[in-house]
Amino acid sequence: MTSQFSNNDEYGFVRSDSFDFNEYSKFMETYLRILSNRSQKWEKLAKKGYDRLEKGQRLKRYIRKGIPAPHRKEVWMETSGANSAKKGESDLYTAMLGVETKKVVFDQIKTDIPRTFPNNINFDSTNPNSMQKPLMNVLKAFANNNPKIGYCQGLNYIAGLLLVITKDEDASFWLLKVLTEKILPDYYSPSMPGLLTDVKVFAEIARKDVPNLAKHIDALQVPWALICSKWFICVFAEVMPIETVLRIWDCVFSEGSKIIFRVCIAILKINEKNFLAKKDLAGMIEEFKKFLESGEVLQCHSFMEKVFQLTPALTRSRIQKLRRELGSQVREEQLEREKRENIR
C-alpha cells in the first residue's frame, strides 16, 4: 500500500486538499491487517488455478470479504463469465480494434477521454505511460462490437477503472462487454430502458424495505433518478472512495446486479436518520453526496459488512418480476414522450 502521506493513492488518484489523513490512517490501521489475512487465504484458494475456483458459499464468502489486488483481474474474469465468453472468440478484441469506428461515435469517445479521471495520474496526457490511448482502444473496440450501444457517457469511467485494475486492454474489453450485455442489460443503449427500469425497481424496493425514508423522499418530490442514476450507470465509480467501489465490483462481477440494489438500500438504511432530517430537495441531494464521501463509506470492509447485514437477500426472481412490471411502465412512458415529440 502507498504511504498515507503520498499525494496520490495506489491506484493513481490524486488526494484532494480536503483529504482526511487522520480518518484514512485509522482506516488503514485495521484494513492492512484484514488485507494480509485475506491474501493468505486467497493464495491457498487460487493455488490450483483460477479456472478451478468452485462456485458456492465458500467462494461467495471470500469474494464478499474482498479480493486482494493481485487476484482481482483473474477472479473477475472467471466469476463474471468473461473467460467463458472469450473462449470461442479469443481474438475478438484485436479484430474489433481493427475495424473503423463510425465518426460520430469516435468523436464522442474522443471528447470524453480527457474528461475521464482527470484526478488520476494514469490518465494524465503528459504521462508517457498514460492510459488515455488504451482507454480509447477499449472504447472503440467495444463500440465496434456493440453497434446498438456504440458509446454512452459513463462507459469511460467503467472502462478506465477496469484498465487501472487489470492493466490489460483485452481483459478490460471483455469485462466491459459482460457488464453491459449480461449484468446491466439495456443501461447504455440510446433510450436507456434498463437504467430507467432499475431506478424504478430501486424506488419500489426502498418503499418496502425503508418505508419511512422512501415516503419522505416521495413527499419532498426528490426524483429517484436524481439520487441514483450515476450510482447505476457508473457502478459507483466517481461516487464513492475507490477501495469501496472495488469491493462492490468484486461482488457485482460474481453475483450480478442484485448487489447494486443491496448497496443502494444499505446507503438509505445506514444514514436514514440524517436523510429524514432534510427538508428540501437541495438538502437531500447534498446529504447523499456528503454521506458517500464520509468515513463510514471509506471504511470499505465495515461498509460491505453492513450492506449484507442490513439488507434482506434479493432473489433474481424478485428483481426480474419487478423489472417486467416496471419495465412496461418505462416503455409506455417512452412511447408517450415520442408521440408528444412527433406532434410538435
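Once amide H atoms are placed 1.01 Å from N in the peptide plane, what residues at a sequence separation of 5 or more from Asn120, or on another chain, have their amide H within under 5 Å of its amide H?
Val14
Under a no-solvent Debye model with one identical scatterer per Cα of the chain, what's log10 I(q)/I(0) at q = 0.11, 0.12 Å⁻¹?
Reported log10 I(q)/I(0), two decimals: -0.79, -0.95.
Let me understand region 301-344 better: what is its radius of gyration from the alpha carbons, and its Dmax, in angstrom?
Rg, Dmax (Cα atoms, Å): 18.1, 53.
So what are the ³J(HN,Hα) numbers for region 89-95, from phi and the Karplus equation (6.51, -1.76, 1.60; θ = phi - 60°), rounded to whole Hz, Gly and Pro as x?
These are the phi-based 3J(HN,Hα) values: 9, 4, 9, 4, 4, 4, 5 Hz.
Trypsin sites (Lys or Arg not before Pro), restricted to region 38-138: which are DSSP loop and have at most 12 other Cβ atoms within 10 Å?
Lys47, Lys48, Lys55
Could you quote the convex hull projected area for region 1-118, Cα atoms only and averaged over all directions, in nm²?
Averaging across all directions leaves 10.9 nm² for the Cα convex hull.
When N counts the residues of region 195-312, how does its alpha-carbon radius of gyration compare numerically with 2.2 N^0.38 Å, as a ratio?
The value comes to 0.97.
Probe of 1.4 angstrom, ligands and nucleic acids ignored: what's the accessible area per residue over the chain, in square angstrom?
50 Å²
Lys41: which aspartates and glutamates have alpha carbons under 13 Å from its alpha carbon, excluding same-chain residues fewer than 8 sequence positions away?
Partners found: none.
Considering only protein heavy atoms and a probe of 1.4 Å, how much of the accessible area of the chain is carbon and sulfur, as a whole percent?
50 percent
Among Thr197, Trp231, Gly56, which residue has its Cα furthest toward the positive end of the charge dipole of the chain, with +1 on Lys/Arg Cβ and -1 on Asp/Glu Cβ?
Toward the positive end, the furthest listed residue is Gly56.
Please list the non-local residues whose amide H lies under 5 Å from the amide H of Leu53, H modeled 1.01 Å from N, same-chain partners needing a gap of 5 or more.
Hits under the 5 Å cutoff: none.
Convert each backbone phi in region 42-51 into a coupling constant with the Karplus relation 6.51 cos²θ - 1.76 cosθ + 1.60 (shift: θ = phi - 60°), then list the ³J(HN,Hα) values in order as whole Hz, x for Gly and Pro.
Values per residue, Gly and Pro as x: 5, 4, 5, 5, 8, 4, 7, x, 5, 6 Hz.
Can you give me the long-range amide H partners of Asn8? Hydrogens built in the peptide plane at 1.01 Å from N, cutoff under 5 Å, separation of 5 or more residues or another chain.
Answer set, sorted by chain and number: Arg15.
Using only Cα positions of region 270-344, each an equal point scatterer, no hydration layer, compute I(q)/I(0) via Debye at q = 0.12, 0.14, 0.28 Å⁻¹ and quote the log10 values to two decimals.
Each listed q corresponds, in turn, to -0.66, -0.81, -1.10.
Testing the spin-label approximation: label points 7 Å from Cα along Cα→Cβ at Gln153 and Phe308. State their distance in nm.
Distance between label points: 3.6 nm.
Per residue, how much space in cubic angstrom lies within the convex hull of the C-alpha atoms of region 46-203?
Hull volume normalised by residue count: 149 Å³.
May I ask you to evaluate 6.51 cos²θ - 1.76 cosθ + 1.60, the Karplus curve with θ = phi - 60°, for each residue of region 300-307 and list the ³J(HN,Hα) values in order in whole Hz, giving x for glycine and proline?
The phi angles translate into 4, 5, 5, 4, 5, 4, 5, 3 Hz.
Any idea what diffusion coefficient region 62-142 gets from Stokes-Einstein, in µm²/s, Kirkwood Rh on alpha carbon pairs, 4 °C, 1.567 mPa s?
This corresponds to a translational diffusion coefficient of 86 µm²/s.
Run the helix sum for the chain: -39,500 (n - 2.57) per DSSP H stretch of 4+ residues, divided by residue count, reported at 222 nm to the nearest 500 deg cm²/dmol.
Dividing the helical sum by the residues of the chain leaves -20000 deg cm²/dmol.
For Gln334 and Lys102, FRET efficiency with R0 = 22 Å and r from the beta-carbon atoms, rounded to 0.05?
0.35
Whole angstrom only: what separates the Cα centroid of region 290-314 from the Cα centroid of region 22-54?
18 Å
Express the relative contact order of the chain as a whole percentage, based on alpha carbon pairs under 8 Å and six or more residues apart in sequence.
Taking the mean separation of contacting Cα pairs over the length of the chain, I get 16 percent.
Name the residue, out of Ile267, Ile217, Ile34, whose mean-square fluctuation peaks in a Gaussian network model built on the chain with Cα pairs under 10 Å.
Ile34
The values are calculated or read from the model by the stated rules, or taken from the named source; none is laboratory data. Remember, it's a predicted structure, so these values are computed and weren't measured experimentally. Please note: Cβ atoms are built from the backbone with ideal geometry, for glycine as well, and neighbour counts cover all protein chains shown. Accessible surface areas use protein heavy atoms only, side chains included; no ligands, DNA or RNA. Shrake-Rupley method; radii C 1.70, N 1.55, O 1.52, S 1.80 Å.
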